[in-house]
Structures are given as structure tokens and as C-alpha cells.
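Here is the structure we will look at, set down as C-alpha cells.
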Amino acid sequence: MNESRPQSMSAFWMPFTNNRDFKANPRLLVSAEGMYYKDVDGNQVLDGTAGLWCVPCGHGQPKIVGAVREMIGQLDFAPTFQMGHPAAFDLAERLMDYTGHKFGHVFYTNSGSEAVDTALKIALAYHKARGEGSRTRLIGRERGYHGVGFGGLSVGGIGPNRKSFGPLLPGVDHLPHTHDLLKNAFSRGEPDFGVELADELERLVTLHDASTIAAVIIEPVSGSTGVLVPPKGYLKRLREICDKHGILLIFDEVITGFGRLTTPFATDYFDVEPDMMTTAKGLTNGVIPMGAVFSRRFIHDAFMEAPAGIELFHGYTYSGHPVACAAALATLEVFKEQQILDHAKAIQPYWEDAVHSLKGLPHVIDLRTIGLVAGIELEPIAGKPGARAYQAFKKAFAEGILIRTTGDIIALSPPLVLEKQHIDELFGKLTGVLNNLD
Ligand code: PLP
């Protein structure tokens, strides 16, 4: 294993990174186990973000690592176009069990971005298959993140992610976001105010006409723009309006899936059923890239009524890659055997109290929690948006904790296997960091 510094860091064009700043002062991780990374200098770094929200079962999970090793030795690759391998089918059945059979079918991708673009394409093709080809409009939401494909970017609502890439997909509109610090600051779980923002969908239906709208896609809890929790009743109201107008509802569960809210998916937490659900990240515990689109039976059935032949002209070389399937099957087993969701539920109140104990620290203007997620919003430095939280991120790493920041919001999402001592360490060190910011 190479644990030394790279000879040059010039060639790797790093994603979503301030490359010049990073390369002047790099943070290099060389190994990981349980709740901790180790950096190139041998320092332990407590993982407050499950990597990028993607390691619910903790790092180096022996069962998952073992399953991957075994499958690579047995079947390094097998196509899933016009042929298959058993693990892809077994995994699909296990995933249906894991959703309590709310969904009937799953389409494999390799990432969250691909899952989103796949779901949007299925939505368009579904309406066309049923003779409603005029339904081509897609509705996203401000401050939504749906990855970086052109579909996901188009329905996404983050200005800096969109602004350099031209007009994006035509015929897309956006709901307003639901973040309201004046009314909802310092909430635990779903905030009280904002259900009426779902009625904005009625406004868009009036504007565009339902016959032009294919689908609404939202993150049940927005992660990448800083943990935006839906107001009480908001998701149910959206569901009702979609039903009324024949619009498909897609939940992007790339971060909320696989236990983040202490339930298998956000659909279980909020008791609202979407028509499709996009997932990735925790699906394989982050070990091997994989995404998946879950679809309710009626969507899949609409395609199966077409004349014999390929029903959906879509897929990826690595859809259902055997090694990814092995990792996902093992991840589901670990969830069950180690009762990870029960543990997450049991520790959640301790987590929530620890987050809200930061109230009153310098610059903290909001704390919000749901499941094992926290948003800590800092007052921006005048004229320098994002600078204060970025400073917190760098100081935190130097103190041995990994946090994630977006704008001036710190988003925390640890592996679900964390124990009280990890929560104490995380918030003890974070308190020190927050007390020492410009
Ligand atoms: N959708 C959501 C809600 C996400 O949070 C992300 C990534 O963070 C994505 C989609 C994109 O996933 P990926 O980076 O695997 O393409």
C-alpha cells in the first residue's frame, strides 16, 4: 500500500475542488477503518461525513470487503445487455424486499447522477409509451442537487453548478426551496412552517398545463445545499398535487437512502410514496460505484405492453456490474445482521442533543437535525460568502475531524455505526473550531 505523498499533484484535475488552494496545502487520506480515516502523516481523522454521505456501515467493513474480493476473483465483468449474471437478479429481489415491496423494479446505474438522468428519461418514455408524448416538462426545485449530468443539472437548483454550461435542457421549471430561517431556525426534525410552498406546483400547472408536465423531482431532504428539511406536510401535499394531475413524483434519495434518516429510505420516514426513487452512495457502502432507480410496477408495466423487442433504449456498460452487486448484497446483509437502523435510531437523540448544544457559539445562526444529519449554518463574513465555513473545514481537518461545508453551512452525516464517544469527540473538537473562526 502506498502511504507516501505523491511525487506530483499537478495532473489530477480534482472535482468540486479549489485545486490551487488544495495543492498548496493538501489533505491526503491513505487508509480508513470503522469511524476513522488516517492521513498521510499518520493522524487519525474522525469521519463526520461518511466520506461523501456514502459509508453508512463504517469503513473497511470486513463482510463487504470480502464479498468484493471474492467476486472480482470469480466474475470480474459480465454484460447485462441481452444477458445477465445471478448477482444482478438476486440483488434486485433483495432491494425490493428492503423497500417493503413499495417498488417492483430496479434499473442499475453507476452513480447518483446517472440514476437521476435515468429516472428522468424513464419518466419521459413512460408518458410517451402511454400516448401522452406531450408530457415533456420536468420540474425540479431551487437549491436542489441532482448530480452533474445535463438532466440532473437542468432540474437542479444551484446557480454556480449551472451557470457555465449553457441553456441546459429546455422545458424545465423549478419549485421554490423551503428554507426559511426567520420562521424555522433551530428546528429538530421537520420544521413547522412552509407546507404551502408545495402549492407552488399548482401555480406551475396553471402556467404550463398538466398535459405538458412529465415529472417532479426533489430531494426529500436536500443535502448538498446544506441540509434543508421539508416542512411538516409538504411532501404529502406534493404527492397529492402530482396525483391530481397525473404527474410522476421522483424522490432523489441518493443521500437519504440506506438509513440516513434512521429508516431504510426517506419515503419510509415521511410515509410518502414516490413513483420512482433514485439511489447510489450507501447502496454499496461507498466501496464500489453503483446507483439504482427504483420504479413502481405501473411504470415498468407500461413499457412491457409495447410490441416485442427492447423496451427501453437506455443502459450503461457497467449497469449491474458483478462486483458492485456483490458489494450491495453484502451491504444489505450488514444492515440486517448488525441491526444498523436500530442502532441509528437509538443513538439519534444523543446526536440531536449534541448538535443543538452548539447554540450560542459564535456565528452560529441555525442548527437543524433530522435522522443522523445536521446542518450548522454560520453567519457569512460580509462580502465573502462561504469563506467562514471553508475556514472551519480546514481547521476541523487539522484538529482531526472531517466535516463538509457548502456555502456557509456545515453539513454533518457520519457513518450510522458511530457511538456516543464519537459524537463527543466530533462536537468537542467542532466547538473548539467554531470558537476560533474569523
Ligand atoms: N443526487 C443527490 C441528492 C446527491 O446528493 C448526489 C451527490 O451528492 C447526486 C445526486 C449525484 O451523485 P453522484 O455524485 O454519485 O453522481
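The values are calculated or read from the model by the stated rules, or taken from the named source; none is laboratory data. Please read these numbers as outputs of a predicted model, since none were measured by experiment. A quick note on method: Cβ atoms are made from the backbone with ideal geometry, for glycine too, and the neighbour counts reach across all protein chains shown.
Residue count for segment 133-148, restricted to those that are without any contact (Cβ under 8 Å) to a residue 60 or more places away in the chain and over 15 Å from the mean Cα position of the chain (by Cα): 2. Checking each residue in segment 135-145 for being touching an Asp or Glu at 6+ places or on another chain (Cβ under 9 Å) and either assigned by TED's automatic domain parsing to the domain that holds Thr406 or over 13 Å from Arg162 (Cα atoms) (or both) picks out Arg137, Leu138, Ile139, Gly140, Arg141.
Reported count of residues in segment 183-211, each being crowded, with 17+ Cβ neighbours inside 10 Å and of a type in the set (Ser, Thr, Tyr), is 1. Is it fair to say Val205 is assigned by TED's automatic domain parsing to the domain that holds Ser111 and farther than 30 Å from Gly360 by Cα? Yes, satisfied.
Looking only at segment 123-149, which residues are away from the ligand (no atom under 16 Å from the Cβ), surrounded by fewer than 21 Cβ atoms within 10 Å (Cβ to Cβ) and assigned to a loop (DSSP other than H, G, I, E, B)? Arg130, Gly131, Glu132, Gly133, Ser134, Thr136 - these are the residues of segment 123-149 that are away from the ligand (no atom under 16 Å from the Cβ), surrounded by fewer than 21 Cβ atoms within 10 Å (Cβ to Cβ) and assigned to a loop (DSSP other than H, G, I, E, B). Within segment 271-285, the set of residues being over 12 Å from Ala327 (Cα atoms) and of a type in the set (S, T, N, Q) comprises Thr278, Thr279. Total residues in segment 60-90 satisfying the condition of being more than 16 Å from Phe335 (Cβ to Cβ) and in contact with an Asp or Glu (Cβ under 8 Å, 6 or more places away or on another chain): the figure is 1.
Taking the criterion of being within 16 Å of the ligand (Cβ to nearest atom), in contact (Cβ under 8 Å) with a residue 40 or more places away in the chain and part of a strand (DSSP E or B), the only residue of segment 150-188 that qualifies is Leu175. With a requirement of 2 or more residues that are within 19 Å of Ala215 (Cα to Cα) and not assigned by TED's automatic domain parsing to the domain that holds Val373, the helices (runs of 4 or more DSSP H) lying completely within segment 261-346 that satisfy it span 266-270, 297-304.
A search for C-beta distances below 6 Å between a residue of segment 96-115 that is away from the ligand (no atom under 16 Å from the Cβ) and any residue that is assigned to a loop (DSSP other than H, G, I, E, B), counting only pairs 6+ apart in sequence or on different chains, returns Tyr98/Pro264; Lys102/Glu273; Phe103/Arg296. Restricting segment 218-258 to residues that are assigned to a strand (DSSP E or B), in contact (Cβ under 8 Å) with a residue 40 or more places away in the chain and within 12 Å of the ligand (Cβ to nearest atom), the residue that is farthest from Ala280 (Cα to Cα) is Leu228.
Restrict the check to segment 86-102 and report whether at least one residue is over 30 Å from Val272 (Cβ atoms) and not hydrophobic (A, V, I, L, M, F, W, C).
To start, the set of residues in segment 86-102 that are over 30 Å from Val272 (Cβ atoms) comprises 86-87.
Filter once more, so that each one left must be not hydrophobic (A, V, I, L, M, F, W, C): 86.
Within segment 86-102 (the criterion being over 30 Å from Val272 (Cβ atoms) and not hydrophobic (A, V, I, L, M, F, W, C)), the answer is yes, since at least one residue qualifies.
Residue check: Met83 meets all listed conditions (1) farther than 30 Å from Ser164 by Cα; (2) aliphatic (A, V, I, L, M); (3) in contact (Cβ under 8 Å) with a residue 12 or more places away in the chain but one, namely (3). For segment 381-405, the set of residues classified as hydroxyl-bearing (Ser, Thr, Tyr) and surrounded by 19 or more Cβ atoms within 10 Å (Cβ to Cβ) consists of Thr405 only.
Residue count for segment 304-361 satisfying the condition of being surrounded by fewer than 16 Cβ atoms within 10 Å (Cβ to Cβ) and under 16 Å from Pro415 (Cα atoms): 6.
Given the residues Leu378, Leu434, Leu412, which is the only one that is modelled with pLDDT of 95 or more, closer than 23 Å to His59 by Cβ and either surrounded by 19 or more Cβ atoms within 10 Å (Cβ to Cβ) or not hydroxyl-bearing (Ser, Thr, Tyr) (or both)? Only one candidate passes the filter, namely Leu412.
Just a yes or no: is a residue in segment 45-52 hydrophobic (A, V, I, L, M, F, W, C) and outside the structural domain of Ala344 (by TED's automatic domain parsing)? No, every residue in segment 45-52 fails to be hydrophobic (A, V, I, L, M, F, W, C) and outside the structural domain of Ala344 (by TED's automatic domain parsing). Considering segment 259-275, the residues that are surrounded by fewer than 22 Cβ atoms within 10 Å (Cβ to Cβ) and of a type in the set (D, E, K, R) include one that is nearest to Val293 (Cα to Cα), namely Glu273.
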